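Read the structure below first, then the notes.
The values are calculated or read from the model by the stated rules, or taken from the named source; none is laboratory data. Just so it is clear, the structure is predicted and the values come from calculations on it, not from any experiment. Note: ideal-geometry Cβ built from the backbone for every residue, glycine included; neighbour counts use all protein chains shown.
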Amino acid sequence: MNKKKELQINSLAAKLRNKSLKMAFKAGKHGAHLGGGLSLVEVFATLYGGVISIDANNPTEENHDRVIVSKGHCVLSYFSVLNEFGFLNDEELASFETNGSMLHGHSTRDVKRGIEFSGGSLGLGLSYAIGVALAGKLNNRSYRVYAIIGDGECNEGIIWEAFMSAAHFNLDNLTVIIDHNKLQYDGDVTKIMNMGNLKAKLNAFGFYTIEVDGHNICQLIEAFQNRISGKPHAIVAHTVKGKGVSFMENKKEWHHAVLSSEQFNLAISEQ
Amino acid sequence: MLTFNSTNFRIWSKLGQRGSFFGIAVFEVVEQFHNVMILTADLAYLSGLERFINKHPDKFLNIGIAEQNMLGISSGLAQEGKIVFATTYASFICMRSCEQLRHYLGYMKSNVKIVGTGAGLAMTFSGNTHYAIEDLAIVRAIPNITILSPADATEAVKVALAAAEFNGPVYIRLTGGLNNPIVYKEDYNFEIGKAITITTEGDITIFATGTMVHNSLEAAKILKEKGMQARVVNIHTIKPIDTDSIDYANECSKLLVSIEEHSTIGGLGGTIAEFLSSQPNHTPLLRLGIADQFRHAGDYNYLLEQNRLLPEQIAQDIEKKYVTLNNREPGTLC
């Protein structure tokens, strides 16, 4: 991959991490989903900065790529990237977790603002993405569908119903990204409900699956490009919950938490 | 182009509501709306969709026994411009995938029409797992979902066409089995949200929905023989309910009755009771329907009888209440 592009995406990721921390701090006592927001920063930066075709000036263009965020609590990095690409203006972003704002702890569908799906209740976005991918085939549209799900979210039965149907309908216009940060609310995913080898399971369900370091831009770019015809595509992104802030990394307590000003300053100083 | 005449109504009634919906109406729906898709959760043949699949294989998807996934896929298709009809038994679509209904249809307002077949007691010897007696209460509490409940096989055809034209989520509740009794012998106008008063004279008003419209008409005949006149109103739209129709009945009746093949909690009777309770003066409401319990399985007639939903029983219960009201001295309860 072009070194310049990689640098650009890395710099975008740094911005997203900063914005995410500022949003979380501004949310004050309401707290925010820090851990799972920060684990997806590089995925969002790569997707929006180097993979998808989408234009904030024409968000409903029929062939725009559909990003469907099923893991709806990753709004810190998700809203930050939408802000970077002009879908959400600064004022809207600043309204995060204020009374009556459109931006709360989970995303709500608003296509003009680049939000395809209402997240929040886990597991529901992947089935929806299957429908959007099917519609792409039926309507002869060139868009790709990117569904972002969490590893803990894979505990939900509907996720496996959806995995089954992706291969059944030959949805090679679908890429599923699993944010495999190894932690869910109550702790280690292998201890809460061990899902074993996700790549092997996805392959058994008929996917073409790539495993990558979900914070490595180069690997992510390659993974997004490395697809085969006739099969749905999955990327198991090995990530770190709370990535980029030393005292949050791999700590389940930072799944949803309040950031003090001391902690905020320390977190920002590490960026 | 479908012909709405008495000959066809007789043919359609033999097919039942499910048969007229998926064996007749869907072809007209596809003629009028090219972007229709029909999805099922492994009940294509049981629903009578075989002819449709043969004729329009590109407009049909079987999602397997996965109701939740079916509604997710339906929603994705709908938000990309399809008019989606998703069907399985009413019990499963309203309960197994209840949260999906709330999320994709209610919250996201996806243009999906769910068609619950075998609602009420129609699943007979399959037992309580397959009965839908709480579905109206469940779906009614979710914002943004219109609920349609046709009275007979002809109205099921009209409901299919109206739902396809209507932009928004709809729950279509199909009751009864084959040989669905005919309510409408001649063509008539159907409009979502507008109740239809079938018999107009009387100081009793019966609000009925689904198969119970027919039984109410039969009950009204029995009452008439005993000198009581009952108006019968077909509430084919449970939500939004026609409040003008209730207001009118409240003004001109001594007794209001609701009859449904659904629990007496939260369905048609519940809807009417909620509305009436906010009116300054209201007429007593007798709510007839399925008792608040799981009973043993049986054939359709047996189940109706157990729940006092046969015409003779309906007439008896109405008469009993009506007589009590007539005997009541004004102010005795104060």
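Just the residues that are part of a loop (DSSP other than H, G, I, E, B), within 12 Å of chain B (Cβ to nearest Cβ) and not hydroxyl-bearing (Ser, Thr, Tyr), please, taken from the range A:141-170. Before the answer, list the steps.
Looking only at the range A:141-170, we keep the residues that are part of a loop (DSSP other than H, G, I, E, B), and these are A:141-144, A:151, A:156, A:169-170.
Imposing the further condition that a residue be within 12 Å of chain B (Cβ to nearest Cβ) reduces the set to A:141, A:143, A:156, A:169.
Within the range A:141-170, A:ARG141, A:GLU156, A:PHE169 meet the criteria.
Go through the range B:32-45 residue by residue and tally those that are more than 21 Å from A:ASN140 (Cα to Cα) and out of contact with any Ser or Thr (no Cβ under 8 Å at 6 or more places or on another chain). Even if it seems obvious, please write down each step before you answer.
To start, the set of residues in the range B:32-45 that are more than 21 Å from A:ASN140 (Cα to Cα) comprises B:32, B:40-45.
Retained after the next criterion (residues that are out of contact with any Ser or Thr (no Cβ under 8 Å at 6 or more places or on another chain)): B:32, B:44-45.
The qualifying residues number 3.
Out of the range B:1-49, which residues are among the small types (Gly, Ala, Ser) and over 21 Å from B:GLY116 (Cβ atoms)?
The answer is B:SER6, and nothing else.
Taking the condition at pLDDT 95 or above and outside any helix (DSSP H, G or I), does B:LEU276 pass?
Values: at pLDDT 95 or above: yes; outside any helix (DSSP H, G or I): no.
Taking the combined requirement at face value, the residue does not satisfy it.
Here is a list: B:LYS158, B:LYS185, B:LYS239. Which entry is of a type in the set (Lys, Arg) and surrounded by fewer than 19 Cβ atoms within 10 Å (Cβ to Cβ)?
Values: B:LYS158 fails: surrounded by fewer than 19 Cβ atoms within 10 Å (Cβ to Cβ); B:LYS239 fails: surrounded by fewer than 19 Cβ atoms within 10 Å (Cβ to Cβ).
So the residue among B:LYS158, B:LYS185, B:LYS239 that is of a type in the set (Lys, Arg) and surrounded by fewer than 19 Cβ atoms within 10 Å (Cβ to Cβ) is B:LYS185.
Checking the structure you have, find out if any residue of the range B:69-77 is within 11 Å of chain A (Cβ to nearest Cβ) and surrounded by fewer than 24 Cβ atoms within 10 Å (Cβ to Cβ).
Kept after step one, since they are within 11 Å of chain A (Cβ to nearest Cβ), are these residues of the range B:69-77: B:69-77.
Checking the rest, the ones that are also surrounded by fewer than 24 Cβ atoms within 10 Å (Cβ to Cβ) come to none.
No, the range B:69-77 has no match at all.
Which ones in the range B:138-193 are in a helix (DSSP H, G or I), more than 16 Å from B:ARG18 (Cα to Cα) and under 13 Å from the mean Cα position of the chain (by Cα)?
Matches in the range B:138-193: B:VAL139, B:ARG140.
So which residues in the range B:47-68 are within 14 Å of another protein chain (Cβ to nearest Cβ), over 25 Å from the mean Cα position of the chain (by Cα) and part of a helix (DSSP H, G or I), if there are any at all?
B:PRO57, B:ASP58, B:LYS59
Out of all the residues in the range A:117-134, which are surrounded by fewer than 24 Cβ atoms within 10 Å (Cβ to Cβ) and either within 8 Å of chain B (Cβ to nearest Cβ) or without any contact (Cβ under 8 Å) to a residue 40 or more places away in the chain (or both)? First the steps, then the outcome.
First pass over the range A:117-134, keeping only residues surrounded by fewer than 24 Cβ atoms within 10 Å (Cβ to Cβ): A:118, A:120-122.
Hits for the range A:117-134 are A:SER118, A:SER121.
Just the residues that are in contact with a helix residue (DSSP H, G or I) (Cβ under 7 Å, 6 or more places away or on another chain), within 20 Å of B:VAL159 (Cβ to Cβ) and within 14 Å of chain A (Cβ to nearest Cβ), please, taken from the range B:31-46.
Residues satisfying the conditions are B:VAL36, B:MET37, B:ILE38, B:LEU39.
Which count do you get for residues in the range A:58-84 that are buried (at least 17 other Cβ atoms within 10 Å of the Cβ), part of a loop (DSSP other than H, G, I, E, B) and without any contact (Cβ under 8 Å) to a residue 40 or more places away in the chain?
Filtering the range A:58-84 down to residues buried (at least 17 other Cβ atoms within 10 Å of the Cβ) leaves A:59, A:64-84.
Next cut, part of a loop (DSSP other than H, G, I, E, B) only: A:59, A:64-65, A:70-74.
Of the ones still in play, those that are also without any contact (Cβ under 8 Å) to a residue 40 or more places away in the chain are none.
The qualifying residues number 0.
May I ask you to verify whether A:VAL176 is part of a strand (DSSP E or B) and either at positive phi or within 14 Å of chain B (Cβ to nearest Cβ) (or both)? Even if it seems obvious, please write down each step before you answer.
On the way: part of a strand (DSSP E or B): yes; either at positive phi or within 14 Å of chain B (Cβ to nearest Cβ) (or both): yes.
Against the criterion (part of a strand (DSSP E or B) and either at positive phi or within 14 Å of chain B (Cβ to nearest Cβ) (or both)), A:VAL176 qualifies.
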